[in-house]
Amino acid sequence: MIVKDVSFTPYYLKLLCLANRLDPYHKKCEQVRDRIRREQSGYIGEKRVLYPLKKLDFPNFVLHNTRLQTVFSNKHFQMDFLLVTSNFILIIESKNMSGEVMMKEGSHQIFHHDKAYDDPINQVEEQKFQLVNWLEQRSYGKVPIETVVVMTSPNVRMNIHPSHEEHVKKIIPLAKLPAYIRTVNEQYNQRVLSINNARQLAYYFKECHEDYDPDILERFGVASEELLQGVTCEKCKFLTMVMSNLRWRCTKCGHVSRDGVHTAFKDYYLLKGNTIINREFMQFTGITSRHTAKSMLNKFSVKKEGIKRSTRYFLDFNYERDFNYLKKK
Ligand SMILES: [Zn+2]
């Protein structure tokens with residue numbers, strides 16, 4: 001059963017929004033786009049992991065992307081997939097690399113397209129260490145934890161030197177995941193949780209999950225003034241919506257909408273946060289009439305505080321529902 005499905009993260013939405021509001025020649029544009037490509041590739045790979053997990057023939061609870069606070073600090077650790085059962089928990093780290101992935105004798109890195117990457121077994125074992133402590137602190141210490149690294153691309157060629165026995169066993173192509181899980185299930189044949197308790201634990205993980213949700217401008221060192229002005233068209237995603245006769249119309253694709261300005265509030269929410277004053281809104285959208293801007297703020301904000309020009313308007317949106325326009329193009 002899928003408890004937490006594969007979905008786009010707030011970080012990914014913020015990246016899309018930032019890329020859309022950066023001039024293509026801006027010095028950070030390529031860096032942002034590169035990050036988007038990596039997030040997309042990870043997402044495609046993670047989608048593929050769900051399919052074999054859905055076919056398991058014993059009760060299980062699956063969570064995608066669970067990010068928990070460590071026991072010892074205010075830092076977080078993140079796991080691509082958690083498979084919670086009555087007998088064990090499996091942490092699945094997913095890697096979407098195609099072509100040759102190599103690990104040489106005596107090396108603690110993997111090589112892919114001449115680039116070196118951290119040992120994924122180290123990564124997933126570190127996640128296990130953090131999860132063991134997290135569970136012990138919450139009286140779930142007796143649940144055994146297993147780990148595996150899944151290569152999700154059908155075009156991957158693994159070339160791990162046989163001296164890395166654990167890596168040969170635990171870094172597997174996606175096609176071998178069901179067999180791997182069956183082996184783990186046979187190995188851990190003692191029930192440590194009832195099915196109900198396993199379900200409760202899975203939902204507890206979901207409840208404790210905290211999204212990675214950074215201040216995206218700070219993260220990439222972009223100043224507000226460097227963002228492109230305008231209102232995003234929800235159809236073609238260009239910043240080409242203009243207002244005429246109480247309607248918004250896209251000069252690029254012709255899309256017409258009475259509430260076309262709503263994307264500007266959503267963009268602002270992703271890039272700058274949940275409060276806005278009239279001057280900031282005019283600067284962000286390029287709307288020149290203070291009166292028009294004010295009436296839009298009144299319509300799209302959920303509450304306001306303060307008086308006159310220092311009135312602060314509050315925005316509230318849902319990451320899962322409200323940002324589909326950014327995923328186009
Ligand atoms: Zn358009």
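Screening the chain for whole DSSP H helices with an alpha carbon extent of at least 30 angstrom along the helix axis and a mean Kyte-Doolittle hydropathy of at least 1.6 yields nothing. Taking label points 7 Å from Cα along the Cα-to-Cβ direction, F111 and R309 give a separation of 6.3 nm.
Label-to-label distance, N155 versus D118, with points set 7 angstrom from Cα along the beta-carbon direction: 2.7 nm. Using the beta-carbon distance between Q283 and N245 and R0 = 25 Å, what value does 1/(1 + (r/R0)^6) give for FRET efficiency, to the nearest 0.05? The pair Q283/N245 has a calculated efficiency of 0.55.
Among the trypsin sites (Lys or Arg not before Pro) found in the range 139-210, those both in a DSSP coil and sparsely packed, with 14 or fewer other Cβ atoms within 10 Å of their Cβ, are K142, R191. For the pair Q31 and H255, the difference between a 0.36 nm per residue extended length and the Cα-Cα distance amounts to 77.6 nm.
Sequence-distant contacts, meaning Cα pairs under 8 Å at least 6 residues apart, place the relative contact order of the range 2-208 at 23 percent. Straight-line cross-link partners of K170 among the lysines, defined as a Cα under 28 Å from its Cα and at least 8 positions apart when in the same chain: K4, K47, K54, K55, K75, K95, K104, K115, K128, K142, K206.
Count Lys and Arg as plus one, Asp and Glu as minus one, and take only other residues whose Cβ is under 15 Å from that of N185; the net charge is then +1. When both bridge partners sit in the chain, DSSP labels roughly 65% of those beta bridges antiparallel. In units of the compact-protein estimate 2.2 N^0.38 Å, the range 80-167 shows a Cα radius of gyration of 1.23. Taking label points 7 Å from Cα along the Cα-to-Cβ direction, D215 and S194 give a separation of 4.8 nm.
Using the Cβ-Cβ distance between E166 and K327 with R0 set to 45 Å, the FRET efficiency works out to roughly 0.70.
Translational diffusion of the range 229-327 was estimated from the Stokes-Einstein equation, with Rh taken as the Kirkwood radius over Cα pairs; at 20 °C and 1.002 mPa s the coefficient is 157 µm²/s. When only alpha carbons are used to place a centre, the range 130-173 and the range 63-111 end up 7 Å from one another.
Between N133 and E320, residue separation times 0.36 nm minus the direct Cα-Cα distance comes to 64.3 nm.
Report the far tail of the P(r) of the range 2-208, meaning the percent of Cα-Cα pairs longer than 28 Å.
On the way: 6957 of 21321 pairs.
The proportion of pairs with Cα distances above 28 Å equals 33 percent.
The fewest-to-most ranking of E218, E280, E30 by surrounding Cβ atoms within 10 Å reads E218, E30, E280.
Here, each number is a calculation from the coordinates, and none is a lab measurement. Note that this is a predicted model, so its numbers are computed, not measured. Reconstructed Cβ throughout: ideal geometry from the backbone, glycine too, with neighbour counts over all protein chains shown.
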